[in-house]
Amino acid sequence: MTDGPYRTERAGGESAGEMLADGPRAQMSADVRWGLGQPQKQLSSKYFYDTKGSELFEEITRLPEYYPTRTERELLVDHVVGWLETLEPATLVELGAGSARKTRILLNAMHATDSRACYVPVDVAGEFIHATAGELRAEYPSLEVHAVVQDIADPLQFADDLRRPVLFALIGSTIGNFERDAAVDMLANVRRAMSREDRFLLGADLQPGPGKSKERLTAAYNDSAGVTAAFNLNILTVINRGIGTDFDPDCFSHRAFYDADEGRIEMHLVSCSDQEVRFPGGDAVRIGEGETIRTEISCKYDLPTIEALFGAAGMSVDRWFQDPEGLYALAVGKVEP
């Protein structure tokens, strides 16, 4: 789980919680079958976000244990707003936009210098993002809003038509949901969409350090109200509805922990008993008592790891904003000469 939810890989334009068309349903079925066939069973976090999942995540971002939202907001207000006055972007492209609550900080700064600014939210949760676009059109009557429903891991083919300069943004540490190679591929797609005058704003949750204990980090994924547990379990309902499996969410429990060797949080669902999960057609997958299904990774970073990711994608770090406790950072990328 990241502050900017990973709504980035689902096939098709509708919420994954709706009955899927043949193509998206086949893709989800293939993904689930493949994941449950791995030595470490896994389900892709791309399937968290039906409407309920999106709403649960928004609730998570308001929990006292969940520091990334508050910290990133402070960094945006204290550092990025002033920097935007220099950049003066004509267009903001936000990848994995969701509800765009923090995006309003950027939009307000852009609107102050250009009343004709354009906002392009990119997300796979179609119903959710179109609702967000409607709210923003009402709040900012002069703002052009063009919602794009697609996987943010795909090439940004719409970028050629945008007014420059463009600020591409992936905030909320959504990058953490990508394994390194996939992260580089996604950033390289952004790089190919950028001109030299454009910039890329990346939110990154930081590794534990002197001001950030592992206990504080893991608490953000194990809140006392159980909202994260409900969010994690909801993926089973999404998949049942999408492809007709018979996962029983009551037969699983939530587990999240920090893997220091990998430098990441992992979220799992733990099977409470020996059970079988059936697919349409009658075939089944056996899951043993205590066996886990990994549902998400959330990688944590520092400046050298971000520099390495940017470099592999053809960008370099132009600016780095970090809070005093070392909880969170915002990195600005530019096209490498």
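General remarks:
- PHE257 passes every criterion in (1) in the same structural domain as PHE200 (by TED's automatic domain parsing); (2) within 22 Å of SER45 (Cα to Cα); (3) among the aromatic types (Phe, Trp, Tyr) apart from (1).
- Among residues of segment 322-337 that are aromatic (Phe, Trp, Tyr), those with a Cβ under 6 angstrom from a residue that is not in a strand (DSSP E or B), sequence gap 6+ or separate chain, pair up as TYR328/PRO68; TYR328/THR71; TYR328/GLU72.
- Strands (runs of 3 or more DSSP E) (entirely within segment 280-337) containing at least 2 residues that are outside the structural domain of ALA219 (by TED's automatic domain parsing) and either loosely packed, with under 14 Cβ neighbours inside 10 Å or of a type in the set (S, T, N, Q) (or both): 315-322
- Filter result (of a type in the set (Asp, Glu) and either part of a helix (DSSP H, G or I) or free of Cβ contacts under 8 Å to residues at least 60 places away in the same chain (or both)) within segment 32-85: GLU55, GLU58, GLU59, GLU72, GLU74, ASP78, GLU85
- Restricting the first member to segment 239-251 and to residues that are of a type in the set (Asp, Glu), and the second to residues that are exposed (fewer than 15 other Cβ atoms within 10 Å of the Cβ), the beta-carbon pairs closer than 7 Å and six or more apart or on different chains are ASP246/ARG278.
- If only residues of segment 257-279 that are within 20 Å of THR174 (Cα to Cα) and in contact (Cβ under 8 Å) with a residue 60 or more places away in the chain are counted, the one that is surrounded by the fewest Cβ atoms within 10 Å (Cβ to Cβ) is ARG264.
The values are calculated or read from the model by the stated rules, or taken from the named source; none is laboratory data. As the structure is a prediction and not an experimental result, all values here were calculated from the model. When we count neighbours, we look across all protein chains shown, and the Cβ atoms used for this are built from the backbone with ideal geometry, even at glycine.
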